[in-house]
Amino acid sequence: IFSFQMTHHFHWRLKIAEISQHQLLESAKDFDSGVKDIQPLKIEASGRRYYRALAATNSYVMCHDDSPINGQSVFVDRANKLAHSNVRVPQILSYEPEHFLTIQEDVGDNSLILKENFYQDSSLVFKALSLLNDMHKAELNGIDSTFSIGLESHTKKFSKILCKEFLQIEIFDEFTDFLEEMRPELLNQQWGNCHFDFERRNIHEMTNGELVLLDFQDLCFGPIGIDLAGILLDHYIDCDLEILRSHCSTFAEISCYDISADDVYHATCWGGLQRNLRIMGALANLYLRFNRPFRLKDLPQILANTITLSLALNQKPLAIFLQDKVAPELHKKLESL
């Protein structure tokens, strides 16, 4: 990693919203004098902001993130360790810890979320699952294993935030029983390196067909079903359990773990159920706390897939609650916004 010296002294410890593009442009020019312009790329739910710095013949991605938890220092450390373990991630070209700023290899905008009929493209799914397996094999020291500690609070985002605060409905009586059944299903499955958001949006395809993994700063030690659900259970299309079973069988064949196809499928369904409940609560929270209504548009599809998973796992009280209570109230709420 190469650090660069700032020739312009700014108040870098201001909040992200107060960092100007002009300041970032000047910093990019310090790194590469040929940089002429900076274009905003995206804002993550965590507050991380990405920009593309454009030069005549090169481009770079800049990220500013002053998050006290899993911020730039964690991202850089994970990037180096993953790359050392032959997991394809963006190269860190420059890092200045005092300024919470990284300049990274530009891997383009061709994320797998843009691939139509992704789940019918067996070769592309195989490449994505191979990338996940590479991550499982990576030697990562010091990653946390707090997933089990946060498991209940993650899932209660659904009951407390989505249901009670957003939809103003009470959770069903058997919800505590459901949590008690779900907990061992997650804790007793195979655990490994867990990206925690291993979805198509965070995997980009290079022009040579190589897949690159992004946004891995939240990587932890957790159940493999979480990441398998991230890539195999989409938030944007209907869940097809037959196709899911097929891809789970593929992963069982290539996995570094000795795990059967049935066990992979079971882990993925339970991981998907927990992940969906958490994310529905998180999306409602982004609206309630930060007034981001655009984050709500994915809720109906996630809800539909959660019903499918609930029925597949014989969680009938949950499925009935989602169908009879949550779905109609969510429809009315979204119509009113």
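One table, with the values for the structure above:
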{"quantity": "Reference-scaled alpha-carbon Rg (2.2 N^0.38 Å with N residues) for the chain", "calculated": "1.04"}
{"quantity": "Alpha carbon Rg of the stretch 11-157, scaled by the compact-globule rule 2.2 N^0.38 Å", "calculated": "1.20"}
{"quantity": "Low-density loop cleavage sites - GluC sites (Glu not before Pro) in the stretch 194-260, where at most 16 other Cβ are within 10 Å (DSSP)", "calculated": "GLU210"}
{"quantity": "Debye, to nearest 20: dipole size of the stretch 97-138, +1 on Lys, Arg Cβ, -1 on Asp, Glu Cβ", "calculated": "280"}
{"quantity": "Environment charge at LEU277 (Cβ cut-off 10 Å; Lys +1, Arg +1, Asp -1, Glu -1)", "calculated": "+4"}
{"quantity": "Exposure ranking of ASP30, ASP109 by accessible area [1.4 Å probe, largest first]", "calculated": "ASP109, ASP30"}
{"quantity": "Sequence of ARG275, ARG49 from largest to smallest accessible area, 1.4 Å probe", "calculated": "ARG49, ARG275"}
{"quantity": "Average accessible area per residue (Å²) across the stretch 198-337 - probe 1.4 Å, nucleic acids and ligands excluded", "calculated": "41"}
{"quantity": "Chymotrypsin sites (Phe, Trp or Tyr not before Pro) restricted to the stretch 183-251 and DSSP loop, no more than 15 other C-beta within 10 Å", "calculated": "TYR236"}
{"quantity": "P(r) of the stretch 195-277 over all Cα-Cα pairs, binned every 5 Å from zero, in whole percent", "calculated": "3, 15, 23, 26, 20, 11, 2, 0"}
{"quantity": "For VAL74, net neighbour charge (Lys/Arg +1, Asp/Glu -1) across residues whose Cβ lies under 11 Å away", "calculated": "-2"}
{"quantity": "Apportionment of accessible area to carbon and sulfur, the chain, percent (1.4 Å)", "calculated": "48"}
{"quantity": "Cβ-derived FRET efficiency at R0 30 Å, ASP298 paired with SER246, nearest 0.05", "calculated": "0.75"}
{"quantity": "Accessible area in the full protein assembly, largest first, 1.4 Å probe, for ILE149, ILE203", "calculated": "ILE149, ILE203"}
{"quantity": "Counted charge near PHE216, where neighbours are those whose Cβ lies closer than 9 Å (Asp, Glu -1; Lys, Arg +1)", "calculated": "-2"}
{"quantity": "Sequence-distant residues sharing a close amide H with GLY34 (under 5 Å, placed H)", "calculated": "none"}
{"quantity": "Under the span-like rule (Cα at least 24 Å along the axis, Kyte-Doolittle mean at least -1.0), DSSP H helices of the chain", "calculated": "261-290"}
{"quantity": "Inter-part distance where the stretch 150-225 and the stretch 232-311 are each reduced to a Cα centre, Å", "calculated": "8"}
{"quantity": "Solvent-accessible area per residue, Å², over the stretch 49-188 with all protein chains present [probe radius 1.4 Å]", "calculated": "48"}
{"quantity": "Principal axis dimensions, largest first and in whole angstrom, of the stretch 24-79 by Cα", "calculated": "35, 21, 17"}
{"quantity": "Hydrodynamic radius by Kirkwood, which averages 1/r over all alpha carbon pairs of the stretch 49-133, in angstrom", "calculated": "14.7"}
{"quantity": "Loop chymotrypsin sites (Phe, Trp or Tyr not before Pro), the stretch 260-337 (other Cβ atoms within 10 Å of the site Cβ: 14 or fewer; DSSP)", "calculated": "none"}
{"quantity": "Proximal lysines relative to LYS325, as straight alpha-carbon distance under 29 Å, when same-chain residues fewer than 8 apart are discounted", "calculated": "LYS156, LYS157, LYS160, LYS164, LYS297, LYS316, LYS333"}
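The values are calculated or read from the model by the stated rules, or taken from the named source; none is laboratory data. Predicted model only: the values in this text are computed from it and were never measured. Here the Cβ is made from the backbone with ideal geometry for all residues, glycine too, and neighbour counts use every protein chain on show. Please note that ligands, DNA and RNA were not included when accessible areas were found on the heavy atoms of the full protein model with its side chains. Shrake-Rupley method; radii C 1.70, N 1.55, O 1.52, S 1.80 Å.
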